[in-house]
Amino acid sequence: MLDKYNFTKAIIGVFLLFISSNLNGQIEYEDYTWEDEPNFETPKIVGDISEVIVKDKTVLEYYFDGNGFYQFDLRHKVTYIASEAGVEENNKIYLSSAGDDQIVYQIARVINSKGELIEFDEKDIQEGENEESGYTYKYFALEGLDIGSFVEVLFLQKRTDMYNGDREYFQSRVPTYNIDFELICPEGLIFSFHSINGLAEVQFDTLKDEKNYWSLSIDSLPAFEVEELAFVNSNLQSLVYKLSENEFNGASDLASYGSASKNYYSFVYKSPSKKDIKALKKFLKEIGINEQMDDEQKIRKFESYVKENFAILPYVQPAFAQIKSLIKNKASNAATFTQFYANAFKLMDIKHRLVLTTDRSNIRFDKDFEAYNFLQSTVFYFPSLDKYLQPNSANYRLGFIDQELMHNYGLFIKEVEIGDITSAIGQVKFIDALSHSESANNHFVKADLSVDPLEPEIQFELHMSGYYASYLQTAYSQISDDEKTRLEESLVEMVTMEKNDQAELEVINGSAEDFGLKPMIVKSTVNSIRFSEKAGEKIIFKIGELIGPQSEMYSEKERIHAVESDFNREFIRKLEIILPENYDVSNLEGLNFDVVFPDESAWFKSNYKLEGNLLIVEVEEYYKRIEYSKEEFEDYKKVINAAADFNKAVIYLTEKS
């Protein structure tokens, strides 16, 4: 995530400085308040609903007071509590973390099932602290809340820098009624709106009292239904808005990607001082970067050293947000690290692009509506290698970035030279997801049933690459021996589905330098009773469980959302079972699977062969597409469930007479 202050400073510009001072006036909803005697209608509860939002009003008003340009943000929400879960969910109302000078007011009240009215204001605000992050938060602890209560919350807040692209959610995991949205601004300012996921369009309402009004009113929206393999936030009905024209100074096409590209390029490459660049040159020499290396070797050398020895901090004082200071202290914020990487690549004469994009699990980058809230994360792209690099993630190396940043559009920023002047142009392009073969979780298992079929010796190898290895391979060499032991035991348990602290384990390619180049291999040998059981004259061997636990999708409900995976992937398994010579084996036909998606982008195939007393089973499972439409879901589900069905496969051993 980019440093918000520096990013905003770099790309917003100063177009609002020319707004005339005749915009002073009263805020439209400055005196807005709730009813003295509330009389909310109890909603009809259908199904297992914990709460219902019966009123959701949002008003955003832009206002110039002579000193600055502000957004006044009014929120008025009323929630009906329908269950104990709803009571638990709403007994604390978390408040804005903004400073006191930004809060106009924030109040709440409970109208409980007995009709009692309990109000909360500034004197009732409490503070808490998150034990993990140390983050301090404010909240109302609602007293008297019970099933049948209404919780009413009203606040007005003053904000800045909320005009170059922001998002409003209208749908949530509970039903919502009586939705009203307004955006009000001086008549010379023109806003643009983009509705997402089927939300109705915002309409220009009217011009009165030298103000523009846009509005959206919706009677109701259904609760968002959570489904497997479907993101929540990016599928919610919502809208993105931005200031697009300023008629006071004739500016148009505001919040454009052309301006963003030039300004962000300038921030990244031109902000560092000569002392910063001198310190960076020295640093590159000290870590062993030389001209004999090719581009990929230079990148990997630089990235590995930085990610293993430097730390990204959430905030630093401005004096420490410099490349020279970063090198000295081995720490700085994310924005300075972006400058650090970019200028290092430039000094190493490595052609690259800055790429700005967003996490598609939260919001998909829209290629047709330019707004700066789509420019959330920075990665680098190297055209000659066709690879990406993420500077702010220690879990990845060249070739891998957060999977939700891929299969998404992004703004690619390229340096251009016009005479002696360097600047940049931006182009929106698609960031392709990596191939299925780049992220594999492969199992190679040998089970010897010849000595004791009820407690066979099992040798297994796990070959993990790509996203399956990222958190393990990049950290393994740096964690303590105790942490390694716990990790190794968990890997054994993942395969054998039982704890075994006696298993010997070998790790191959367990270093960050191997990530993306070699699979991390884990080898172990265990004796286990987990896979065999006696049933009369037969021994049942649970051969399918040797591929590890599998997910299944057996819901009979009609699919609502498209399938969207994190990344493409593959699973190759080879099972070799040494059978006891004095036993016959049966039920082998249950090991044959051939389930293929119509376009062959996903499949689960398995087959067996019996060579004397050696049973060999080979399994291939691939997923080569990120998205499948809801109309394709049933065929996709068959592939997923084939793996789960194989997981249940057994063979029978019967002693020869």
### Task
Enumerate the helices in the chain for which the Kyte-Doolittle hydropathy averages 0.0 or more and the C-alpha atoms extend at least 15 Å along the helix's axis, using complete DSSP H runs.
334-347
## Note on the structure
Of 260-267, 625-632, ordering from highest average Cβ density within 10 Å down gives 260-267, 625-632
### Message
Order 563-575, 396-408, 293-305 from most to least packed using the mean count of other Cβ atoms within 10 Å.
### Response
396-408, 563-575, 293-305
#### Entry: Three-way shape label, the chain, alpha-carbon gyration tensor, a/c 1.5
oblate
### Query
Given the pairs LYS298/LYS624; LYS285/LYS328; LYS211/LYS367; LYS538/LYS638; LYS446/LYS609, which span a C-alpha to C-alpha distance of over 23 angstrom in this model?
LYS298/LYS624; LYS211/LYS367; LYS538/LYS638
### Query
Solvent-accessible area per residue for the range 401-560 at a 1.4 Å probe radius, Å²?
50 Å²
### Query
What value, in deg cm²/dmol to 500, does the helix sum -39500 (n - 2.57) over DSSP H runs of n ≥ 4 give at 222 nm once divided by the residues of the chain?
-5000 deg cm²/dmol
### Query
Taking the range 368-457 on its own, what percent of its Cα-Cα pair distances exceed 16 Å?
68 percent
#### Entry: Dipole magnitude of the range 301-357, debye to nearest 20 (Cβ charges: Lys/Arg +1, Asp/Glu -1, about Cα centre)
100 debye
### Query
Of LYS262/LYS282; LYS301/LYS518; LYS92/LYS557, which pairs sit farther than 22 Å apart, going by alpha carbon to alpha carbon?
LYS262/LYS282; LYS92/LYS557
#### Entry: Peptides 522-532, 184-194 ordered by average Cβ neighbours within 10 Å, highest first
184-194, 522-532
### Query
Which percent of the accessible area of the range 242-289 is formed by carbon and sulfur heavy atoms (probe 1.4 angstrom)?
47 percent
### Message
From the C-alpha coordinates alone, can you work out the Kirkwood hydrodynamic radius of the range 39-86, in Å?
### Response
13.4 Å
### Task
Can you bin the range 55-139 into rounded, prolate or oblate? Criterion: square roots of the alpha carbon gyration tensor eigenvalues sorted a ≥ b ≥ c, rounded for a/c under 1.5, prolate for a/b above b/c, oblate for the rest.
oblate
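The values are calculated or read from the model by the stated rules, or taken from the named source; none is laboratory data. In this text, all values refer to a predicted model and were calculated from it rather than measured experimentally. Because the Cβ atoms are built from the backbone with ideal geometry, glycine has one as well, and the counts that use them run over all protein chains shown. Keep in mind that these areas ignore ligands, DNA and RNA; they rest on the heavy atoms of the full protein, side chains included. Shrake-Rupley method; radii C 1.70, N 1.55, O 1.52, S 1.80 Å.
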